[in-house]
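The values are calculated or read from the model by the stated rules, or taken from the named source; none is laboratory data. These numbers were taken from a predicted model, which means no experiment stands behind them. So basically every Cβ, Gly included, is an ideal-geometry build from the backbone, and we count neighbours across all protein chains shown.
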């Protein structure tokens, strides 16, 4: 009886051991498969991550090159615009200084003439003539100042228009549009504006000469001729600006119509 029990226990132990071995082998196979799957997945992720990092690096390099190119264009445009602005400002200051100095000379000459007339007036007729001359001088001086102010305002307007055209050309150039022809026409217009501005001083000199002249009729004709000459120069400057603007307009139309045409073709 004891032998039978012992044999039964041994059999049970053998079955249990066999089951444990089978289970261990099954777990080992499963673990190996899982490890192999994880290794393959890890390799794919690493490859994908590497490719993503490489693409990101290439994109960053391209962005850096584009940023450098834009900065170079911006610096070039800024330098050119600063030079033009400085030249325009210098011209304006010269005009203002010339006008101010000449106006002061006119006033000094008129004052000296009035004092001389007053000092030399010895009779009633001389005093009356002096008053008439003084009134005439005031009228002539006022006329000269109004004319100069009007021309200065015209020069200011033309200069502002030229500045706006120049700014627009800078933007078009930054967009890759050729503006060489327009820039050349704008340079011609700026030269015409500067020439007109410089000639304004001759009006003030002529007014001073007229006030001090003993033959005002002759000097008045000279003043009118000078004023007409300045008017012609301002007119030519305006025409040059119009021509520069007309050369810019087709480029603006092409710049604005190109995106629409591209959208329509898509």
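Results, tabulated for the structure shown:
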item: Subset of region 157-188 [surrounded by fewer than 16 Cβ atoms within 10 Å (Cβ to Cβ) and over 22 Å from residue 239 (Cα atoms)]; result: 171, 174, 175, 176, 178
item: Residue in region 95-111 that is in a helix (DSSP H, G or I), at pLDDT 80 or above, more than 30 Å from residue 194 (Cα to Cα) and more than 19 Å from the chain's Cα centre (by Cα) present; result: yes
item: Subset of region 209-226 (residues that are assigned to a helix (DSSP H, G or I) and surrounded by fewer than 21 Cβ atoms within 10 Å (Cβ to Cβ)); result: 209, 212, 216, 217, 218, 219, 220, 221, 222, 224, 225, 226
item: Those residues of region 221-230 which are without any contact (Cβ under 8 Å) to a residue 12 or more places away in the chain and either closer than 20 Å to residue 136 by Cα or touching a helix residue (DSSP H, G or I) at 6+ places or on another chain (Cβ under 8 Å) (or both), in sequence order; result: 221, 224, 225
item: Residue pairs meeting the criteria (Cβ under 7 Å; at least 6 apart or on separate chains; first surrounded by fewer than 17 Cβ atoms within 10 Å (Cβ to Cβ), in region 101-120; second modelled with pLDDT of 75 or more); result: 105/208
item: One residue from 81, 157, 164 being more than 21 Å from residue 203 (Cα to Cα) and modelled with pLDDT of 85 or more; result: 164
